[in-house]
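The values are calculated or read from the model by the stated rules, or taken from the named source; none is laboratory data. As the structure is a prediction and not an experimental result, all values here were calculated from the model. Every residue, glycine as well, gets a Cβ built from its backbone with ideal geometry; the counts of neighbours run over all protein chains shown.
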Amino acid sequence: MAVSKQTPWSYRKAPTALHRLPAGFKLAFLLLLSIAAFFPGPQAQSLAVLSAIALILIILSFAAKIGPPALLRGSAPLLFLVMAVFLFRGIEISPPGFNAGGLWESVIFGARICAAFAAGTLLFAVTTPGEIRKSLSRLEAALHAEKLNVSLGISLMLGFLPRFFEIWEDASLAWKSRGGKRNLSRLIVLIPLAVERMMVKAAETAAALESRGGDL
């Protein structure tokens, strides 16, 4: 199945310096950015760190020729669920009311989710799972840990992330073509469907690996 250029977390072929960088370097750098986004600290410090990360990702998005808006494409359902959980936690039963004390923390946490999501989008826009596996395989060889086959496991795990968005885009298109609206019922219906299709895909991948003598 061909992946649309607009599918979140899909590879965007382009002759840029970012595309030519070693996959291991890109994986490590963007992973560190994602971890830094969740580094605990005072609110002022967290905002400063998140602002710096956002600036770095915006600059890199232009370097990758995808632009900043593409970094957060497909993140709306995830952010909706995160904010819904925080809002639900703020509801007080006795006496009835709403505790807005943690609202600012929820906004910062949402920003952290956005930063990590954008870093993942950028990684997969300029790196293929095959390139990541080759880079990890070289690291395994350097460490004499080929028998662990960690590179295969990690590359398969990372490969499933963009695959989820392919499935989600297909399901969303089918929902829209049948007159469905972008509301809570869309998430309630499509999330279990997407998870089920991912489980089927995982089973098919496992069967294919077993038939080829793959061993994780």
Check your understanding: Quick check: anything in the range 139-151 in contact with a helix residue (DSSP H, G or I) (Cβ under 8 Å, 6 or more places away or on another chain), under 30 Å from ILE58 (Cα atoms) and at pLDDT below 75?
Key -> yes
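Please indicate, with yes or no, whether at least one residue in the range 157-165 is within 23 Å of TRP9 (Cα to Cα), at pLDDT 80 or above and surrounded by 15 or more Cβ atoms within 10 Å (Cβ to Cβ).
no
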Check your understanding: With (1) within 18 Å of the chain's Cα centre (by Cα); (2) over 18 Å from ALA125 (Cβ atoms) as the list, and ILE56 as the residue in question, which single condition is left unmet?
Key -> (2)
**Study point:** Criterion (modelled with pLDDT under 75, more than 30 Å from ASP170 (Cα to Cα) and out of contact with any Phe, Trp or Tyr (no Cβ under 9 Å at 6 or more places or on another chain)) met by exactly one of PHE39, PHE25, PHE98, PHE29
**Key:** PHE98
Review point. Between residues in the range 130-149 that are at positive phi and residues that are modelled with pLDDT of 75 or more, which pairs lie under 9 Å by C-beta distance while being six or more apart or on different chains?
Key: ASN149/GLU140
Review point. Of all residues in the range 64-85, which are under 20 Å from ALA125 (Cβ atoms), loosely packed, with under 15 Cβ neighbours inside 10 Å and more than 16 Å from the chain's Cα centre (by Cα)?
Key: GLY67
Practice item. Using the structure shown, decide if ILE58 is in contact with a Pro (Cβ under 7 Å, 6 or more places away or on another chain), farther than 11 Å from GLY110 by Cβ and among the hydrophobic types (A, V, I, L, M, F, W, C). Key: yes
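Conditions (1) closer than 22 Å to GLY130 by Cα; (2) assigned to a helix (DSSP H, G or I), marked per residue:
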position: PRO15; (1), (2): yes, no
position: LEU18; (1), (2): yes, yes
position: ALA28; (1), (2): yes, yes
position: LEU32; (1), (2): yes, yes
position: PRO40; (1), (2): no, no
position: SER51; (1), (2): no, yes
position: ILE56; (1), (2): no, yes
position: LEU60; (1), (2): yes, yes
position: LYS65; (1), (2): yes, no
Practice item. Check the range 39-56 and report whether any residue there is in contact with a helix residue (DSSP H, G or I) (Cβ under 8 Å, 6 or more places away or on another chain), closer than 22 Å to LEU136 by Cβ and in contact (Cβ under 8 Å) with a residue 60 or more places away in the chain. Key: no
